[in-house]
Amino acid sequence: MQDGDKLPKRRITAEIQLADGSCVRAALFVSPQGRLLDMLNDNRGFVPVETEAGQVMFLRKDAIRRVTPLVEAKQSSEKNGSSPRREPEPSSDPYELLGVPANATAEAIREAYRQRCRENHPDRLQALGLSKEYIDLATRRMAAINAAYDQLRELRHAR
């Protein structure tokens, strides 16, 4: 078991300015006794983040120009003891979940499904050494992706 798996992580929402000038609002996960600064300066070459849409991305540390933690009502409600939602509800629309239009071809749907699998597969994230929290999130997302793909296949075969 890795040290990061022993304790739950603190979720820090931040605005991340990248070297190309673009900005990303995402959640970073820091160990309870750790600091954001320490995480950004450790020996890993990347930082896993969760976007507002619930997608896990990996940012190269050398591509990050500035990280500005955001103070939100959601974070202050954690201190007050209420339990905020940790991730957005996945869409019930299978086309939206796979990121394809309703008139997409079977090939486009299959390619979108494969792309989502590559982005969210828990085994891939585990191989990168990410914490159990990320693996659990990826497992839930893969279940939703698989269900959406199965639903679209059934709809297409019923026609």
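The values are calculated or read from the model by the stated rules, or taken from the named source; none is laboratory data. These numbers come from a predicted model, not from an experiment. Every residue, glycine among them, receives a Cβ derived from its backbone with ideal geometry; neighbour counts consider all protein chains shown.
If Gly129 satisfies every condition in (1) part of a helix (DSSP H, G or I); (2) in contact (Cβ under 8 Å) with a residue 12 or more places away in the chain but one, which is the exception? Of the numbered conditions (1) part of a helix (DSSP H, G or I); (2) in contact (Cβ under 8 Å) with a residue 12 or more places away in the chain, the odd one out for Gly129 is (1).
Of all residues in the stretch 131-154, which are more than 12 Å from the chain's Cα centre (by Cα) and not acidic (Asp, Glu)?
Residues of the stretch 131-154 more than 12 Å from the chain's Cα centre (by Cα): 131-132, 143-154.
Ser131, Lys132, Ala143, Ala144, Ile145, Asn146, Ala147, Ala148, Tyr149, Gln151, Leu152, Arg153, listed by residue number.
Figure legend. Inter-residue proximity from the stretch 98-116: first residues crowded, with 19+ Cβ neighbours inside 10 Å, second residues in a loop (DSSP other than H, G, I, E, B), beta-carbon distance below 6 Å, spacing 6+ or different chains. Indicated pairs: Ile109/Val100; Ala112/Gly99; Ala112/Val100.
Residue pairs whose Cβ atoms lie under 6 Å apart, separated by 6 or more positions or on different chains, with the first residue in the stretch 145-159 and modelled with pLDDT of 90 or more and the second of a type in the set (D, E, K, R), are Ile145/Arg116.
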